[in-house]
Amino acid sequence: MKLQGKIVEKILIGLLALALVSAGVLFVRNHNLQKTVDVNQTPTPIPTSSSTPTPASVSPDEIRHMDALVTPFSNKKYAPITPDNASGFKSSWVLQNNTGDSWADIAFNYAHIDVYNGGENNEGVIFYRDGIPFSGGTSYSIFFNLSAVHERDIDVVIVDADDATPIYRETIHVNGTLNNYTLNFVSPVTSWNGSVRFLLGGGQENTYDLNELRITGSSEIAIRTNHLGYQANFQKRCTFTYSAGDLFDVVRADTNEIVYSGAILNEAWNDYTGENNSYGDFTNVMEPGEYYVRAQIGVVSHPFVIEENPYIDFTNSVIRMLSLQRCGHNNNESWAHELAHPECHTSLARVYQTEVLKDVSGGWHDAGDYGRYIKTGSKAVSDLLFAYLYCPEMFGDDGNLPESGNGIPDILDEARYELEWMLKMQNEDGGVYNTVMTPNFAYDISPETDNQDLVLLYVETTSTGDFGGAMAIASIVYKDIYPAFSETFLNAALQANYFLAYNQDLIDMINPPEYIGGSFKDDSDRDARFYTNMGLYVATKDKKYLEEAKRQYNADNDASIGLSWSTNGGYGRYIFLTNSESSKDDPEFYDIMINSLKDEATEILNYALANGYNTGLYMYGWGSNHDMCVNGITMSMAYDFTGDTRFQQTALEHLNYVLGKNTLDYCYISTFGYASPQNIHNRLSVSHNVVYPGAMVGGANSFREDPTIQALPENLPQAKVYLDSLSSYSTNEIAINWNSAFIHLLARVHQ
């Protein structure tokens, strides 16, 4: 999300705070989560199995719909694919023939080596691996099982591969029994390119079997995992930041027992991270507990939990972020705690260039500033409503939020707070104002002390369409919960659509030059019109709205895609597909919409399958974490209508990315994980000197759109262009529509 109008003011903040970069910290650890693991003990691993993944399929009669507008849509047929330890595996170990002749069959956990001719000496045939880091003065152990058909002595040698500096050498005796060997040593030097070599040359022809090879001693955190943990019955993957061998172990943190071993797969260079990435899949580990991952060459992950649902308390916090953004509300200490403040921005707003005054109090402060915008608010509300429709059982009424305990899920109370403000933004003719703001950004003051005059800006077709779509969905969701409000929301959507019908040309305005604030410039309103009409078609069952939505689509096929403030047709497409009457009313267009969704999701999936983080983002711009969430939501939606498990599993990887399985080893939700944002760009947080809890920051931004981030090295890979700094508004700001996207994704991959 590029907030063009915020640039001027934020550059001033950036220049004032640029000095903080040298004093700031990129990674601030939450020490209460740190655990110590013994990485040098290697018990015998248990056997593992593998199978080839086969996509499932969903027949039309298996797709559940929102019948009568009250049955939540939720496909619970998802079952993770059993890990495949063959496809994508390529050994990092090499069999080299110098003066000898040999052949090897190498899998992730064993090597079978036939030596036909040993050559002139023991270096005639070498089985080796380079690129293993050793730190001077550090103790290491090498564990392996080895046998030879013909009994003999062999040498195990470790050297620096760059200059042949010796690190360790041991002669061992091997015979026809597969014996276990443990070699312990202290590295005399530091080497970033250590080479472990089994010298198998010389002597008669022979056959060797080598398995369960591990090198331990390093405690470097170089394996990326979800900091908050994994759901027991879902897919579980980790990512390796450089070539870490052929296999990995999942180890119980309390007993140091290896409970699963698997292959390291699909190693490839990743331009976005500047790493040689690969991944490991440990879906088969389902027993609740605390674990960590260790690679064959010894690097480890943070400890993490496997539970039936590790996100229960966390869910309340990410919804609370929206409550803390409430404007015109008494955010008291009973639930807002250290971020409490009295009502703010309650004066009447003047319609721009008129003397008309209007009450537009309420709603959410948009982001790090105190502006309120229909486009981002409509997108945020849509996310909450779709999240609830998809997985209502995820959301309770006990989150200690303002209306908790009233018998209504907190998420619906929170959405209603924004919806009631949105109603105030609608004009008598059905058109909707896009923004209420002050002439200038408030600086680092609490919102109740921002006493600038309020201005109400521009009625637009874009904002009106966004509003109409959100109101139509709200009328569906609240039909049996708040019938009167449901009718109010439906009438508001109908009035918005009436305005759109009589204003066919695009109306989308930039902020007047005398007002410095967020500006959300759109280049089309067809997606918003499509969304509104699809919502009204499902809410009213009147096919004239379907015909209008089709007209928008036929004029521009992109009208049906997107889940952001600027492109939101994907919400309309999905509500159409989940409506039980759609395939009967227009089977041809129903198929077109399924194919549209599948094509969009497949493009994301293809990117995700090509990198070790299994994520489908091809550009890291403003709000990249939001884009990551939207990609995950889109793929999960596609899974509902294709049954292709890869879509749902890859959606889960996008959630994992936000929660720590990323190149920076960073949980992008503040106050959670081993490292998370502590210095977010948010005026409420700064004015109260409190870390804002449960807020997702924008994330890496390779376009470097603030002075602080521009100070980072020019050659930094895209996914690493991030700073946990107050002044880095282009990477460390929070926003309601970013948190809402995360909540929506969380609901879709919930147990």
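Structure notes:
- When every residue of region 397-413 is checked against the conditions, none turns out to be of a type outside the set (Lys, Arg), in a strand (DSSP E or B) and surrounded by 23 or more Cβ atoms within 10 Å (Cβ to Cβ).
- Some residue of region 718-736 being of a type in the set (Val, Ile, Thr) and farther than 30 Å from His341 by Cα: yes
- Unique match (being assigned by TED's automatic domain parsing to the domain that holds Ser560, part of a helix (DSSP H, G or I), closer than 23 Å to Asn737 by Cα and touching a residue at least 60 places away in the same chain (Cβ under 8 Å)) among Ala442, Ala474: Ala474
- The single residue among Tyr607, Tyr515, Tyr537 that is closer than 20 Å to Val381 by Cα and either assigned to a loop (DSSP other than H, G, I, E, B) or out of contact with any strand residue (DSSP E or B) (no Cβ under 9 Å at 6 or more places or on another chain) (or both) turns out to be Tyr537.
- Pair list, Cβ under 6 Å, 6 or more apart: region 567-585 residue assigned by TED's automatic domain parsing to the domain that holds Gly465 and farther than 19 Å from Arg551 by Cβ, other residue modelled with pLDDT under 95 and hydrophobic (A, V, I, L, M, F, W, C): Thr578/Met66; Thr578/Phe73
- Tally, over region 639-663, of residues that are surrounded by 24 or more Cβ atoms within 10 Å (Cβ to Cβ) and of a type in the set (Gly, Ala, Ser): 2
- Set Val196, Val250: member being among the aliphatic types (A, V, I, L, M), closer than 20 Å to Pro310 by Cα and not assigned by TED's automatic domain parsing to the domain that holds Ala719: Val250
- Boolean, Gly535 is buried (at least 17 other Cβ atoms within 10 Å of the Cβ) and either among the hydroxyl-bearing types (Ser, Thr, Tyr) or within 21 Å of Glu581 (Cβ to Cβ) (or both): yes
- Screening Phe134 with (1) under 41 Å from the mean Cα position of the chain (by Cα); (2) surrounded by fewer than 18 Cβ atoms within 10 Å (Cβ to Cβ); (3) over 25 Å from Gly202 (Cα atoms); (4) not small (Gly, Ala, Ser) gives one miss only, at (2).
- Candidate set: region 432-462, residues that are acidic (Asp, Glu) and in contact with a strand residue (DSSP E or B) (Cβ under 6 Å, 6 or more places away or on another chain); chosen: the one surrounded by the fewest Cβ atoms within 10 Å (Cβ to Cβ): Glu448
- Residue in region 703-716 that is part of a helix (DSSP H, G or I), crowded, with 24+ Cβ neighbours inside 10 Å and either aromatic (Phe, Trp, Tyr) or assigned by TED's automatic domain parsing to the domain that holds Leu605 (or both) present: yes
- The set of residues in region 359-385 that are surrounded by 20 or more Cβ atoms within 10 Å (Cβ to Cβ) and either part of a loop (DSSP other than H, G, I, E, B) or in contact with a His (Cβ under 6 Å, 6 or more places away or on another chain) (or both) comprises Val360, Ser361, Gly362, Gly363, His365, Asp366, Ala367, Gly368, Asp369, Tyr370, Gly371, Asp383.
- Residue in region 360-380 that is of a type in the set (D, E, K, R) and over 19 Å from Ser685 (Cβ atoms) present: yes
- Filtered residue count, region 549-572, keeping only those that are part of a helix (DSSP H, G or I) and touching a Phe, Trp or Tyr at 6+ places or on another chain (Cβ under 8 Å): 9
- Any hit, region 651-669, residues being part of a loop (DSSP other than H, G, I, E, B) and modelled with pLDDT under 95: no
- Candidate set from region 318-357 (those that are over 31 Å from the mean Cα position of the chain (by Cα) and assigned to a strand (DSSP E or B)); member that is farthest from Leu659 (Cα to Cα): Leu357
- Considering (1) within 16 Å of Cys629 (Cα to Cα); (2) surrounded by fewer than 24 Cβ atoms within 10 Å (Cβ to Cβ); (3) among the polar types (S, T, N, Q), the lone condition that Asn568 does not fulfil carries the number (2).
- Boolean, Pro303 is in contact (Cβ under 8 Å) with a residue 60 or more places away in the chain, under 26 Å from the mean Cα position of the chain (by Cα) and more than 30 Å from Thr731 (Cα to Cα): no
- Only one entry of Thr283, Thr315, Thr255 meets the criterion of being assigned to a loop (DSSP other than H, G, I, E, B), under 22 Å from the mean Cα position of the chain (by Cα) and among the hydroxyl-bearing types (Ser, Thr, Tyr), and that entry is Thr283.
- Among (1) out of contact with any Phe, Trp or Tyr (no Cβ under 7 Å at 6 or more places or on another chain); (2) assigned to a loop (DSSP other than H, G, I, E, B); (3) at pLDDT 95 or above, the one test that Gly699 misses: (1)
- For region 610-646, the tally of residues that are within 14 Å of the chain's Cα centre (by Cα) and in a helix (DSSP H, G or I) stands at 13.
- Taken over region 155-206, the criterion of being of a type in the set (D, E, K, R) and closer than 17 Å to Phe127 by Cα is satisfied by Asp155, Asp160, Arg169, Glu170, Arg197, Glu205.
- Number of the exception - Thr731 against (1) within 30 Å of Ser596 (Cβ to Cβ); (2) not in a loop (DSSP other than H, G, I, E, B): (1)
- In region 298-315, residue surrounded by the most Cβ atoms within 10 Å (Cβ to Cβ) [restricted to those that are farther than 26 Å from His744 by Cβ and at pLDDT 95 or above]: Ser301
- When residues in region 96-119 are screened for being in a strand (DSSP E or B) and among the small types (Gly, Ala, Ser), 4 of them pass.
- Selection count where residues are touching a helix residue (DSSP H, G or I) at 6+ places or on another chain (Cβ under 7 Å) and under 28 Å from Thr438 (Cα atoms), scope region 450-499: 16
- One residue stands out in region 157-178 among those that are closer than 17 Å to Asp130 by Cβ and among the aliphatic types (A, V, I, L, M): the one that is surrounded by the fewest Cβ atoms within 10 Å (Cβ to Cβ), namely Ala164.
- Residues of region 487-512 classified as farther than 30 Å from Gly368 by Cα and assigned to a loop (DSSP other than H, G, I, E, B), total: 4
The values are calculated or read from the model by the stated rules, or taken from the named source; none is laboratory data. Given the structure is predicted, the values throughout are model-derived calculations rather than measurements. When we count neighbours, we look across all protein chains shown, and the Cβ atoms used for this are built from the backbone with ideal geometry, even at glycine.
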